[in-house]
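Okay, structure first, notes after.
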Amino acid sequence: MPSRFTIIDAPSILGLRPTGVEYLPEALKAAGLMERLNADYAGRVSPLPYNSERDKVTLLLNPHSIKTFSAQLADRVSSVIRRGRYPIVLGGDCSILIGNLLALRRLGRYGLFFIDGHADFYQPEASLTGEVADMDLAIVSGRGPDVLSNINNLKPLVRDQDIILFGYRDGEQAASFGSQDVRNTGINSFDLTYVKELGITIAASEAVKKLLKDELLGFWIHIDADVLDDSIMPAVDYRLNGGLSFYELSELLKIIGASDRTVGMDITIFNPNFDSDGSIAHKLVSSVLEGLSLIK
């Protein structure tokens, strides 16, 4: 039976480095993601050449190339959504979020359910690397250089009150590097400690309720593989102790899916170079598929 799902490959490393995350789409498809979803395929949005030098004005890596890539990805995502399909965008690094939310911003007011081990809320001058994957949540919420935060004069791509940040555990580390604090904003923050205290079912339900408001046409799901516990997801570039289990990720996605308000998702940062036998990819795919079972 045909499904609503459409896969888009977006293997950009412009917001990180060419470490291996560019092979994420092929690894997850090889693990059965597309076949088991019975998804169709909307092709590959090819990233531009990588430049390892930080831009002198913005202090970012590849800002203008990311802007161009984001516009191309937004066009692809928009066309899928207009066909009544549910896009699943396979990164790449977290900077692909910009293009996904640009697509939605062009269509109206949407929310964001941001599932990540890091808050990704650095300002450029606090980032040691200039990697936009350090600051994608800040950028889509209208912070940072206009070249990325104000594409098409649509700043912000998503409003603070329409964002859930879920499962992050880098608060102390980010503060030590001088990152701006996401807790000083209107973003709804559920750090890992709070999620574990409540339990995944209550935490997820509480979070989803904050996005069930009439002003929103729906919301996007962002999944960074490093939200998972380091002991089961070592195939990421920036590792942190702790995290969610595969079961907790599945339950979280089920509760989100049951809301019937999610319009698409992306998966980022999984690095197949650290998964020599493909076993981690298979577990990640199984967890995501179980979680998507309530999305029709």
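Only helices enter this figure: runs of n ≥ 4 DSSP H residues, each worth -39500 (n - 2.57), summed and divided by the residues of the chain, yield -10000 deg cm²/dmol at 222 nm to the nearest 500. Take the alpha carbon gyration tensor of segment 182-292, find the square roots of its eigenvalues, order them as a ≥ b ≥ c, and report rounded if a/c is under 1.5; if not, report prolate when a/b exceeds b/c, else oblate. It is prolate, given that a/c is not under 1.5 and a/b is the larger ratio.
Taking the chain as a Gaussian network of alpha-carbon nodes connected by springs under 10 Å, the highest mean-square fluctuation of the residues Ser179, Ser259, Ser12 belongs to Ser259. Determine the distance separating the Cα centre of segment 202-258 from the Cα centre of segment 84-135; give it in Å without decimals. That distance is 14 Å. From a point 7 Å beyond the Cα of Lys283 in the direction of its Cβ, which residues of segment 87-125 have a backbone N at a distance under 14 Å? Zone members listed by number: none at all.
Count Lys and Arg as plus one, Asp and Glu as minus one, and take only other residues whose Cβ is under 14 Å from that of Ala71; the net charge is then +3.
When each of His282, His118 is scored by the number of other beta-carbon atoms lying within 10 Å, the sequence from fewest to most is His282, His118.
Secondary structure note: in the chain, about 5% of the DSSP beta bridges are antiparallel. What does the charge count near Arg36 come to, summing +1 for each Lys or Arg and -1 for each Asp or Glu among other residues with Cβ under 11 Å from its Cβ? Once positives and negatives cancel, what remains is -1.
The Cα atoms of the chain cover 51, 45, 41 Å along the three principal axes, with the biggest extent listed first.
Calculated FRET efficiency, Asn150 to Asn38, Cβ-Cβ distance, R0 = 35 Å: about 0.35 to the nearest 0.05. Applied to segment 14-28, the Karplus parametrisation 6.51 cos²θ - 1.76 cosθ + 1.60 on θ = phi - 60° returns per-residue 3J(HN,Hα) values of 4, x, 9, 8, x, 9, x, 5, 5, 9, 3, x, 5, 5, 6 Hz, with x for Gly and Pro.
Every number in this text was worked out from the coordinates using simple rules, so none of it is lab data. Remember, it's a predicted structure, so these values are computed and weren't measured experimentally. A quick note on method: Cβ atoms are made from the backbone with ideal geometry, for glycine too, and the neighbour counts reach across all protein chains shown.
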